[in-house]
Amino acid sequence: MAVNEAPRANGVDAPLAGSGFARVSAAYWAVGFILLIMPVFAGNFWLFQIFGWSFCLGIIALSLMFLAGYGGMVSLVQMTVAALAGYAVAILGTSGVQQISLGMPWWLYIPLAIIIAAVFATLVGALAVRTEGIYTIMITLAIASAFFYFTRQNYDIFNGYNGFNFVVPPRLFGVDWRQPTAFYYLSLGMAVLCYLAVLYVARSPFGLALQGVRDNPRRMAAMGFNVTAHRIAAYAFSGVIAAIGGILLVWQNTQVAPFTAGIPAVIDILIIAVIGGLRRPIGPFVGAFIYVLLSTFSPDVLSSFGLSTERFKLLVGLGFLAVVFFSPDGALGLWDRWRERQRKNLDPLTGQPRTAGTA
Amino acid sequence: MNWTKRSLLGLAGAFALSWGLSAPAAAQQQPPIRIGILVALEGAFAAGGRDAVRNVELALRQVNHTVAGRRIETIVAPTDTRPDTAVRQARKLIEQDRVDFIIGPLSGSEGIAIRDYAKTIPDRTIINGISGALEMTWVDPAPNVFRFNLDGAQWGSGLGTYVVRNKGWRRIATVSADYSFGYTNFLGFAVDFCRAGGTIVQRFWVPLGAADFGGVIAQLPDNVDAIYLGMGGTDAINFLNQWQQAGAGTRLIGGTIMADQTVLSARGRAKDALIGTPTSGPLAEDNPDPAWQNYVRLYREAFPANERFNSPSLFGVGYFIATSAAIAGLNAVNGDLSDGQRRFNAALSSLKLATPLGEVSLNENRQATGTVFVNEVAEGPGGTLVNRMVARVDGVNQTLGMTAEQFRAMGLPSRTNPDCRALGGG
Amino acid sequence: MTEFTRRHPLWSLIIVVLVALLLWLILAPWTPGVEAVLGRKRVFLNAIFGGLTLGALYFLVASGFTLIFGLMRNVNLAHGSLYLLGGYIGYVVSNVTGEWWITLPVVFIVVALLGLLLQHQVFRRMEGQELRQTMVTIGLSVVLADLMLWVWGGQSYTLQTPQWLTGPATLPIVVGTDRSGNPVYMRFPQVRIAILVMAIIIGVGMWLVLNRTRLGMLIRAGVDDREMLTASGVRIHHVFLAVFGFGAGLAGIAGVVGGTFQSLAPGEDTRFLLASLVVVIVGGMGSIPGAALGALIIGLVEQIGLVYAPTYSVVFTFLIMALVLAFRPQGLMGSRR
């Protein structure tokens, strides 16, 4: 299967190594602390637009990472699942298109949206697990295209080309969740929740069996595991994660339209997950952050160097090409290799940096 | 690592630069007015978007980048015509670049998304670039969104009367693109055509990007005076190509983007099927009006020939007028944008703006009333195709001459709207 | 064929009945009852014939894709870019020479060379790593798309058809009667007939090469068992290069054909990549007859859908694909692995 070829020295299996608070490395505590106090020093734009958006995309890419990293199934349908959840929120809840939106209360439409998206993901999974490797990529790409065209043509439910505008989060507990700080904490909280859920599931018996299915489906089948059921269940779980990301994304954008899950958007999620690295759940968030920074500021950077902003796509394409060509495991892989090199530079006996003479 | 590091360094550079920009500004007596330009620079409309940026520059040069003693700075935010990108970039302009107001966006669905975004920033102003979506200023319009160009339905108005009265074409079939602009532009034409006594025998809606129209062409009825085509870009070229290959039957009538620069500048002979086809839209390249001629001369003098179109594009004119409106509004309030821009908004609402396309005024929805031009495609020098102006209709308003109640009762543009018979046609 | 009828008597009967029904629909004059269901005969026949020619175009694009995949397990998601590039080069060549037919060999050679370069420089380095290949070819298609936008701009291009192929031909099929009772014959664009003929010639040629030549034997052996073929001393990489070059060249030729009866513009690359994916999934990955069948089905469904149910016509192809996947995941003509 597709992902298996990557060497897995300290890769996906890493979560097995430790558990409990004591094992969490200092770096994570530091990052967590910085993220918590971010609103003190970051402006609204950074909170809402950069971090908020990164968390939304990161959650959706995380659902892909779960399928690809632990299940060995590269699915391009995750953005579609997310967009469907967003559509469900717009249709069942409130939006600018009053003749379609049903105006249900939030405690009804949010769970319903997640359930609808998860059911859809499960159905897609049931179809996609009949195939393997590259076929899965193509089939999910085709399903994503079908969804895009269907929503673009259907005016009775999906409001066609224009989609839904003015889809805003409900006012809960007296907080306007679209305010930058509130949305920042909402998306941060959801991202942490999804991240922990993926870690937890990966260590659960189900997750371990899934990784077994990824590595050797025949042996797992011989041991009495239902391979197909495990894979479909993985799709269902990843569907829930993608749905959460999708709902947040729609609230952040205030709108959902066919282009939300158009082919470029679908490919973008794959690019995010790959750039970050498909081997650890933190990878998609790193990838999303890089992607958001690039797409927000690269026109400014290009023009500040006196280059034309038109060739922005070319630069992004070349950068992406360089990453996949030279570092198949993404930015985290680069980090790992850098650390590895640093470690080699330490003396194995004393732990001190080697002096120039001994090296 | 290198790649990432370098781009991060670049980012840091960009921040430093934007800080640097604001530092000397603070030293001046009056802070500059910052205008965000929201424009599509990627995808199908990229060339038009660049023309829009040129025209903003052109309009600002006329006042030497200064209004009421305050300097004007512009920040361009590129989009890819997707509504979510438009909202994102608009938010970047407002929150990060701290612009005073925005000129833009360029395309229809962007316009609708920006209308709803505008409601969340009530103390900033948005002056539409060239988005033609009817809904932008008709359905729940935002009080701080102003549109000085006509919408897609208005662009279609006037053509119907022309083909019935001047050409005597009364029975037509229509083939239009199956999305919001297709409906809107068709509605403008059909309302006018049906009120003039025309009959629409059959309507075909073709999905965007359906590249093979052989089956549709075979379906077109023989016993009609003309076929109305409401497509644009590649779809238009594909249709015309296959229309010729199938032996090009009857005469054609074009929607606003059926014979625009995108189609007329396409390479190959497919577009030749358009010769003699009447279309309607917001401008005529050979408009003899001195205001237009003067503007075209300014445009040609301002930019070298290889960096501009021969004549300003639809997108360019739209952004030029929007920028002129902004300048006029700022002059009227003497550069005062305080009090949540209330005075500025009031000044914009009551403008009687002299534009290259004639005088434009806004109605209670802050939507322009102005002139529609009817053009016919003709052969130009060297095998090129050009649009020749054959008629103009002044004072076309948002409700196409109906009362607001009548227009609202008719319903929004859709596959089945308008009902030709209810309007007096057949 | 005889084996098929022996093994699936019921299916054979259904196919024979369907073919007979189709022939009757094409040749016989329609009764009012039939017209009430299917509309005018001219419309129906045009949809069928249009579907055939569209299928011919899809076959040209998809056969290269399926051949490359079948032999090398290479997933070339930049296949659509090769199509578009071929079309643009064809436009330049036909503008310079003024001859449509010259463009075909020139484009074939240029795009085939690019294909060789891709295989030699990119795919050989990551053999067997499907995900990486997918990623790299996605990256390549983004880069190529922007380069083509840079060179040829955003406007549409159409290639000029040769003089003797412009306009419609009259086919000896009666589609109705005019007011005075004379029969009206069907008219159909000549260029589409030429494209159909060309696709059939190329398809038959490919079948002959695959089944009657030494190279074809090597390719088929490679498709079935690559390791065994390598072990028996064949320089498999030369075979790979040949096949990749040929498949890429075919995509380029398809670009010329597509640019002639449709048009070329940014975005067409993605459209034809998706079409190829659907065609080979429906037909069966790696099978040339499968590509032909898949292309035929998809072409017909698109055209008939556009005539009888235009709103959702773009969705139908994907529905067919989902149906095939649900009931026959290896594709209609694909072999079980």
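The table below gives the values:
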quantity	calculated
Enumeration of residues in region B:358-375 that are crowded, with 21+ Cβ neighbours inside 10 Å and either over 17 Å from the mean Cα position of the chain (by Cα) or farther than 21 Å from B:ILE126 by Cβ (or both)	B:THR371, B:VAL372, B:PHE373, B:VAL374, B:ASN375
Identity of the residue in region B:210-243, in a loop (DSSP other than H, G, I, E, B) and within 7 Å of chain C (Cβ to nearest Cβ), that ends up modelled with the highest pLDDT	B:ASP212
Residue satisfying condition, being away from every other protein chain (no Cβ under 11 Å), of a type outside the set (Phe, Trp, Tyr) and crowded, with 24+ Cβ neighbours inside 10 Å, within set C:GLY222, C:GLY233, C:GLY255, C:GLY216	C:GLY255
Condition broken by B:VAL99, with the remaining ones in (1) assigned to a loop (DSSP other than H, G, I, E, B); (2) among the β-branched types (Val, Ile, Thr); (3) surrounded by fewer than 22 Cβ atoms within 10 Å (Cβ to Cβ) satisfied	(3)
Residue within region C:143-152 that is more than 10 Å from chain B (Cβ to nearest Cβ), aliphatic (A, V, I, L, M) and buried (at least 22 other Cβ atoms within 10 Å of the Cβ) present	yes
Residue list for region B:244-268, restricted to those being surrounded by fewer than 24 Cβ atoms within 10 Å (Cβ to Cβ), more than 7 Å from chain C (Cβ to nearest Cβ) and outside any loop (DSSP other than H, G, I, E, B)	B:GLN244, B:ARG251, B:GLN261, B:LEU264
Candidates B:GLY370, B:GLY358, B:GLY382, B:GLY411 - the one that is without any contact (Cβ under 8 Å) to a residue 60 or more places away in the chain and over 30 Å from B:PRO207 (Cα atoms)	B:GLY382
Residues located in region C:122-142, provided they are in a helix (DSSP H, G or I) and more than 7 Å from chain A (Cβ to nearest Cβ)	C:PHE123, C:ARG124, C:ARG125, C:MET126, C:GLN133, C:THR137, C:SER141
Region B:58-86: number of residues that are within 10 Å of another protein chain (Cβ to nearest Cβ), assigned to a helix (DSSP H, G or I) and over 18 Å from the mean Cα position of the chain (by Cα)	2
In region C:20-57, residue modelled with the lowest pLDDT [restricted to those that are more than 23 Å from C:ILE201 (Cβ to Cβ) and aromatic (Phe, Trp, Tyr)]	C:TRP30
Subset of region A:101-112 [among the hydrophobic types (A, V, I, L, M, F, W, C), within 30 Å of B:TRP138 (Cα to Cα) and exposed (fewer than 15 other Cβ atoms within 10 Å of the Cβ)]	A:LEU102
Qualifying residue in region A:276-294 (condition: within 19 Å of A:GLY86 (Cβ to Cβ), away from chain B (no Cβ under 14 Å) and part of a helix (DSSP H, G or I))	yes
Index of the failed condition, B:ALA273 passing every other in (1) assigned to a loop (DSSP other than H, G, I, E, B); (2) over 22 Å from B:ALA368 (Cα atoms)	(1)
Candidate set from region B:188-209 (those that are touching a residue at least 40 places away in the same chain (Cβ under 8 Å) and more than 15 Å from B:ILE253 (Cβ to Cβ)); member that is nearest to the other protein chains (Cβ to nearest Cβ)	B:TRP205
Residue satisfying all of: in region A:113-135; surrounded by 24 or more Cβ atoms within 10 Å (Cβ to Cβ) and at the interface with chain C (Cβ under 10 Å from one of its Cβ atoms); farthest from A:ILE244 (Cα to Cα) among these	A:ALA128
Residues being assigned to a helix (DSSP H, G or I) and more than 10 Å from chain B (Cβ to nearest Cβ) - total across region C:155-196	6
Residues that are touching a Phe, Trp or Tyr at 6+ places or on another chain (Cβ under 8 Å), at pLDDT 85 or above and not β-branched (Val, Ile, Thr), drawn from region C:87-144	C:GLY87, C:TYR88, C:TYR91, C:SER94, C:ALA112, C:GLY115, C:LEU116, C:LEU118, C:GLN119, C:GLY139
Within region B:92-130, considering residues that are without any contact (Cβ under 8 Å) to a residue 60 or more places away in the chain and out of contact with any Ser or Thr (no Cβ under 9 Å at 6 or more places or on another chain), the one nearest to B:PRO143 (Cα to Cα)	B:LYS119
Residue in region C:291-300 that is modelled with pLDDT under 85 and part of a helix (DSSP H, G or I) present	no
Test: residue in region A:175-186 that is in a helix (DSSP H, G or I) and of a type in the set (D, E, K, R)	no
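Per-residue answers, yes or no, for (1) in contact with a Leu (Cβ under 6 Å, 6 or more places away or on another chain); (2) small (Gly, Ala, Ser); (3) outside any helix (DSSP H, G or I):
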position: A:GLY32; (1), (2), (3): no, yes, no
position: A:LEU47; (1), (2), (3): no, no, no
position: A:GLY52; (1), (2), (3): no, yes, no
position: A:ILE60; (1), (2), (3): no, no, no
position: A:VAL89; (1), (2), (3): no, no, no
position: A:GLY96; (1), (2), (3): no, yes, yes
position: A:GLN99; (1), (2), (3): no, no, yes
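The values are calculated or read from the model by the stated rules, or taken from the named source; none is laboratory data. Values in this document were obtained by computation on a predicted structure and should not be read as measured data. Heads up, the Cβs are rebuilt from the backbone with ideal geometry, glycines too, and the neighbour counts pull from every protein chain shown.
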